[in-house]
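The structure appears right after this line, and notes come after that.
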Amino acid sequence: MKVLLAGASGVLGQRTAAALRAAGHEVAGLGRGAGMDVRADLLDREGLLRAVEGRGFDAVVHAATALAGKAMARHQDMAGTNRLRTEGTVNLLAAARETGARRFVVESMMFGYGYGDHGGALIGEDDGFGPRGTNVWLERHVGAMRTKEELAFTADGIEGVSLRFGLFYGEGVTDSHLVPLLRGRKLPVVAAKGRALSWVD
């Protein structure tokens, strides 16, 4: 399968590219850097469409963020990522159509489910995000994730897939400040009753 991977230079993108190649897929990295197979800015629609002109892909993966080099993801650091999740997704979907892609995969996170009590039922990726919250800052991020998913799921002629991750830790991630807390057993524990907080290493 030929895959166009937006955000290929990022922490998630690098690992995704390696896994896809190991599985026998042909991956073209999309980004602004010199090492990318397809050089374009997701926020520049015309430039992006020019960059993919004449190319063909089976699937497009959207793993782009604007978090590179930030020691910790704070609310004010998320504005660029929120634009990539909204405007960038619209533009990348246009590029997917231009290249004949039939599948559009987006990264998302479990924060969209909200922080309320969901009762005893397990919540999975087939369940919709929770209702809009009251925290303005948090809702900006969750709203951008919600928009990204809705755009992927409602795209004509393209299968939309969302992978809702838990939290990331390890080398290179923006939340690397969590590692010492994990080592020191200082992170809060999720209450019992079958609930789980997913960590991705």
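Values quoted throughout were computed directly from the atomic coordinates according to the rules given, and no laboratory measurement underlies them. Values in this document were obtained by computation on a predicted structure and should not be read as measured data. No Cβ is skipped: glycine too gets one built from the backbone with ideal geometry, and neighbour counts run over all protein chains shown.
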Residue order, fewest to most beta carbons within 10 Å, for PHE104, PHE129
PHE129, PHE104
Project the alpha carbons of the range 6-92 onto their principal axes and report the range along each, largest first, in whole Å.
37, 31, 21
Give me the net charge for the shell around ILE158: Cβ to Cβ below 9 angstrom, other residues only, Lys and Arg +1, Asp and Glu -1.
+1
Given R₀ = 30 Å, what would the calculated FRET efficiency be for ALA94 paired with MET1, taking r from the Cβ atoms and rounding to 0.05?
0.90
Can you sort VAL3, VAL11, VAL61 from fewest to most other Cβ atoms within 10 Å of each residue's own Cβ?
VAL11, VAL3, VAL61
In the range 48-146, GluC sites (Glu not before Pro) in a DSSP loop with at most 15 other beta-carbon atoms within 10 Å:
GLU53, GLU125
For the pair LYS186 and GLU139, how long in nm is the line joining their label points, each one 7 Å along Cα→Cβ?
3.3
Per residue and in Å³, how big is the convex hull formed by the alpha-carbon atoms of the range 1-151?
127
Select from the range 70-156 those trypsin sites (Lys or Arg not before Pro) which occupy a DSSP coil region and have at most 11 other Cβ atoms within 10 Å, ordered by residue number.
ARG74, ARG132
With r as the distance between the Cβ atoms of MET110 and ASP41 and R0 = 30 Å, compute the FRET efficiency 1/(1 + (r/R0)^6) and round to 0.05.
0.60
For the range 85-133 the translational diffusion coefficient, Stokes-Einstein from a Kirkwood Rh over Cα pairs at 37 °C and viscosity 0.692 mPa s, in µm²/s, is roughly 246
